[in-house]
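Novice: Quick one: structure below, then a few questions.
The values are calculated or read from the model by the stated rules, or taken from the named source; none is laboratory data. Bear in mind that the values here come from a model prediction, so they are computed numbers and not experimental data. Methodologically, a virtual Cβ is constructed for each residue, glycine included, from the backbone with ideal geometry; neighbour enumeration extends over all protein chains shown. Only protein heavy atoms, including side chains, enter the accessible area calculation; ligands, DNA and RNA are left aside. Shrake-Rupley method; radii C 1.70, N 1.55, O 1.52, S 1.80 Å.
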Amino acid sequence: MGIFDYKRLESSSNPRRILRQTPLPMEESPRLGPKGLIKKHEFVRILIQCLYSIGYEKSASCLELESGISCKSDDFQLLESQISGGNWDGCVDTLNAIKDLTDDTRAAALFLVFKQCLLEYLSCGDDKLAVAILQKEVSALQVDRDKVHNLARSILSWKEVEQSKIDDNAIRELRKKLLQELEKWLPSPITLPEHRLEHLVETAVLSQIDSCMYHNLSDEVSLYADHSCSRDQIPTETVQILTEHKNEVWFVQFSNNGEYLASSSSDCTAIIWKVPEDGRVTLKHTLRSHHNPVSFVAWSPDDSKLLTCGNVEVLKLWDVETGTCKHTFGDPGFIVSSCAWFPDSKRLVCGSSDPEKGIYMWDCDGNELKAWRGMRMPKILDLAVTPDGQNLISIFSDKEIRILNVGTNAERVISEDHSITSLSISGDSKFFIVNLNSQEIHMWDVAGEWVRPQKYMGHKQSKYVIRSCFGGLNSTFIASGSENAQVYIWNRRNYRPIEVLRGHSMTVNCVSWNHRRPQLLASASDDHSIRIWGSSLSNKIQPQKLS
């Protein structure tokens with residue numbers, strides 16, 4: 001009698017017939033598919049696993065009988081029989097006999113088995129045998145010592161509280177749980193990774209999506225046909241032209257909920273536009289309070305407030321619903337370059353092109369909450385807060401990017417070789433893009449894992465401030481203005497533009513992609529107009545002007 005002999009329980013965990021399978025040699029194994037890459041034996045096995053996992057147990061069992069292939073390997077079926085019956089000596093022998101197991105995996109699997117043994121021996125009052133297994137078997141395993149110590153403490157705790165005996169039903173459930181844990185530990189082909197067929201199909205679908213340069217659909221992808229989107233899925237056609245501004249339009253930005261659009265101009269005004277469901281933009285408020293051109297706007301995350309930055313002027317806070325100015329920040333000598341909100345819509349930051357001013361954090365009433373000034377904070381050209389509120393990213397000294405973790409104050413600096421004119425952050429807070437006057441756009445990761453950026457080119461920029469943005473489903477695309485009066489669109493995976501949109505007659509200064517309507521894009525130009533771009537499928541009528 002072995003040290004692990006214990007009472008046998010009739011197994012009820014798997015009433016299926018045990019099938020013994022002898023895999024064919026690799027050169028003899030039948031292959032499936034036009035390229036012969038799929039082994040028939042493996043395909044049938046994961047198909048059986050899938051049928052069991054989605055509840056078609058009769059179909060799975062019939063397929064096992066017809067094919068002679070079992071979902072579970074011979075080794076695992078033997079383990080299942082031994083564990084269900086409490087044959088711990090046999091279980092240990094089987095684990096030790098399995099080939100191609102790493103030492104770590106074998107030790108981890110044996111530890112799980114010994115742990116179950118100890119529990120059952122303690123339950124039936126055989127403390128001495130439990131301690132003997134711990135000292136002779138468990139201690140010899142090459143596993144984390146903390147696990148061994150925790151197991152020893154559990155024995156002491158069990159004895160102290162004098163736990164009652166566990167009944168047979170509870171033991172069966174614990175043995176089932178042990179088998180589930182072993183399935184996760186043991187490698188293929190001894191066990192199959194959970195939901196293997198579903199994983200393979202999802203991987204194939206994602207691969208097709210990743211290779212689709214125009215993918216911009218939130219609808220589920222069908223398995224009935226290979227996936228491919230046409231250019232009609234992204235904005236490529238002018239659907240409306242807004243001409244309310246009387247001079248160059250410098251900035252444009254959709255609200256977070258996609259229901260509004262804000263624009264600013266060198267005519268010293270900003271405009272809030274309404275974007276209804278039919279996509280026909282209408283004027284809501286004209287904001288007149290600045291004495292200089294308005295160079296920048298920023299929506300609060302809840303879209304109830306709007307910030308406007310005057311060129312070499314103060315920062316103003318507006319109520320979106322009424323169009324009234326609620327507060328003016330700073331003084332006539334405070335030169336604001338850019339501004340941004342924190343996620344709570346209660347705190348905001350602004351950067352100054354005056355090196356002595358740096359960056360200020362205010363509440364909506366103008367109370368200064370924090371400031372970053374001094375020698376390490378030269379003039380700020382642009383800044384943004386990641387949507388999750390964790391990082392403040394700023395452009396300073398023309399060629400440097402500063403990423404500050406607001407919570408820990410940890411920071412890092414990225415240096416570019418050419419002057420940076422603007423900054424934009426992806427909606428998931430993971431990436432940001434900067435426009436350079438070298439006619440390139442660079443995308444960096446916020447976490448700092450990349451050694452070099454991804455680069456995008458094709459547009460024209462050498463003299464003016466040009467602003468780009470992320471857009472489309474999951475921020476898949478990048479759009480940018482250009483000094484040649486065109487709008488450029490890239491898929492993030494390709495450095496060359498996939499679309500060039502023509503319509504403006506002068507420099508396109510800024511673009512904005514609607515967050516909630518991924519087929520809607522706005523562009524602001526020196527030709528005094530804003531163009532609304534949409535899908536060629538969603539609009540077959542001539543562009544309308546609003547003035």
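Novice: Placing one identical point scatterer on every Cα of segment 360-442 and ignoring solvent, what is log10 I(q)/I(0) from the Debye formula at q = 0.14, 0.26, 0.27 Å⁻¹?
Specialist: The Debye formula, applied to the Cα set alone, gives -0.50, -1.39, -1.43.
Novice: Per residue of segment 181-193, in order, report the coupling 6.51 cos²θ - 1.76 cosθ + 1.60 (Karplus, θ = phi - 60°) as ³J(HN,Hα) in whole Hz, putting x for Gly and Pro.
Specialist: Residue by residue, segment 181-193 yields 5, 5, 4, 6, 7, 6, x, 6, x, 4, 10, 9, x Hz.
Novice: Now a separate question. So between residue 58 and residue 439, what do we pick up on full extension, going 0.36 nm a residue minus the alpha carbon distance?
Specialist: Extra length available between residue 58 and residue 439 comes to 130.9 nm.
Novice: Residue by residue through segment 140-148, which ³J(HN,Hα) values in whole Hz follow from phi under the Karplus form 6.51 cos²θ - 1.76 cosθ + 1.60 (θ = phi - 60°), with glycine and proline marked x?
Specialist: Karplus-based 3J(HN,Hα) across segment 140-148 equals 7, 6, 8, 10, 4, 4, 4, 5, 5 Hz.
Novice: Separate question: Mind checking the full-extension length gain between residue 139 and residue 345? Use 0.36 nm per residue of separation minus the Cα-Cα distance, one decimal, nm.
Specialist: Computed gain between residue 139 and residue 345 is 68.5 nm.
Novice: Using the Cα centre as the reference, give the magnitude of the dipole from point charges on the C-beta atoms of segment 72-185 (Lys, Arg: +1; Asp, Glu: -1; all else neutral), rounded to the nearest 20 debye.
Specialist: Dipole about the Cα centre, nearest 20: 200 debye.
Novice: With an 8 Å cut-off on Cα pairs and a minimum separation of 6 or more residues, tell me the relative contact order of segment 72-185 in percent.
Specialist: Answer for segment 72-185 is 31 percent.
Novice: I've got another one for you. List the residues, sorted by chain then number, that are 5 or more residues from residue 38 or on another chain and whose placed amide H is less than 5 Å from its amide H.
Specialist: 32
Novice: Any idea what the dipole of the chain comes to, in debye rounded to 20, about its Cα centre with Lys/Arg Cβ at +1 and Asp/Glu Cβ at -1? Walk me through the numbers before you get to the answer.
Specialist: On the way: 62 positive and 71 negative charges, 144 e Å.
The calculated dipole for the chain is roughly 680 debye.
Novice: Next question, about the same structure. Using a 1.4 Å probe on the protein heavy atoms only, what accessible surface does residue 379 show? Give it in Å² to the nearest 10.
Specialist: Roll a 1.4 Å probe over it and residue 379 shows about 80 Å².
Novice: Using heavy-atom solvent-accessible surface (probe 1.4 Å) with all chains present, what is the largest-first order of 81, 61, 218, 429?
Specialist: 218, 81, 61, 429
Novice: Taking 8 Å as the Cα distance limit and 6 or more residues as the minimum spacing, I'd like the relative contact order of the chain as a percentage.
Specialist: This gives 10 percent for the chain.
Novice: First measure r as the distance between the Cβ atoms of residue 200 and residue 464, then evaluate 1/(1 + (r/R0)^6) with R0 = 56 Å and state the FRET efficiency to the nearest 0.05.
Specialist: With a Förster radius of 56 Å, E is 0.65.
Novice: For residue 347, which sequence-distant residues (separation of 5 or more, or a different chain) have an amide H within less than 5 Å of its own amide H, given hydrogens modelled in the peptide plane?
Specialist: Excluding prolines and chain starts, which carry no amide H, the hits are 342.
Novice: Here's a follow-up. For residue 231, what accessible surface area do you get with a 1.4 Å probe? Give it in Å², rounded to 10.
Specialist: Residue 231 has an accessible surface of roughly 90 Å² with all protein chains in place.
Novice: Cα-based Rg of segment 231-534 per 2.2 N^0.38 Å, rounded to two decimals? Write out the running numbers ahead of the final one.
Specialist: Details: Rg = 17.6 Å, N = 304, 2.2 N^0.38 = 19.3 Å.
It is 0.91.
Novice: How long is the gain from residue 210 to residue 184 if the chain were fully straight, where each residue apart is worth 0.36 nm and the alpha carbon distance is subtracted?
Specialist: Numbers: separation 26, 0.36 × 26 = 9.36 nm, distance 2.95 nm.
Difference between extended and current length: 6.4 nm.
Novice: Oh, and also: Provide, for q = 0.11, 0.12, 0.20 Å⁻¹, the log10 of I(q)/I(0) from a solvent-free Debye sum over equal Cα point scatterers in segment 72-185.
Specialist: -0.35, -0.42, -1.16
Novice: Which distance in nm do the two modelled labels at residue 257 and residue 365 give, with both placed 7 Å along the Cα-to-Cβ direction?
Specialist: The answer from the label model is 2.6 nm.
Novice: Give the longest segment of the chain that steers clear of GluC sites (Glu not before Pro) in DSSP loops with at most 13 neighbouring Cβ atoms within 10 Å, not counting the sites themselves.
Specialist: 29-161
Novice: So how exposed is residue 62, as accessible area in Å² (1.4 Å probe, rounded to 10)?
Specialist: So the heavy atoms of residue 62 present about 80 Å² to solvent.
Novice: Given a Förster distance of 25 Å, report the FRET efficiency between residue 354 and residue 496 from their Cβ-Cβ distance, rounded to the nearest 0.05.
Specialist: Efficiency, rounded to the nearest 0.05: 0.05.
Novice: Select from segment 73-117 those trypsin sites (Lys or Arg not before Pro) which occupy a DSSP coil region and have at most 13 other Cβ atoms within 10 Å, ordered by residue number.
Specialist: Here the sparse-neighbourhood loop sites are 99.
Novice: Between residue 167 and residue 217, how high is the FRET efficiency from 1/(1 + (r/R0)^6) when r is the Cβ-Cβ distance and R₀ = 45 Å? Nearest 0.05.
Specialist: About 0.25, to the nearest 0.05.
Novice: Note down the relative contact order for segment 392-547 as a percent, whole number, built from C-alpha pairs under 8 angstrom at least six residues apart.
Specialist: Result for segment 392-547 is 13 percent.
Novice: If you don't mind, there's one more thing I want to ask. So, in nm, how far is label residue 327 from label residue 126 when the simple model puts each one 7 Å beyond its Cα toward the Cβ?
Specialist: For the pair residue 327/residue 126, the computed spacing is 7.4 nm.
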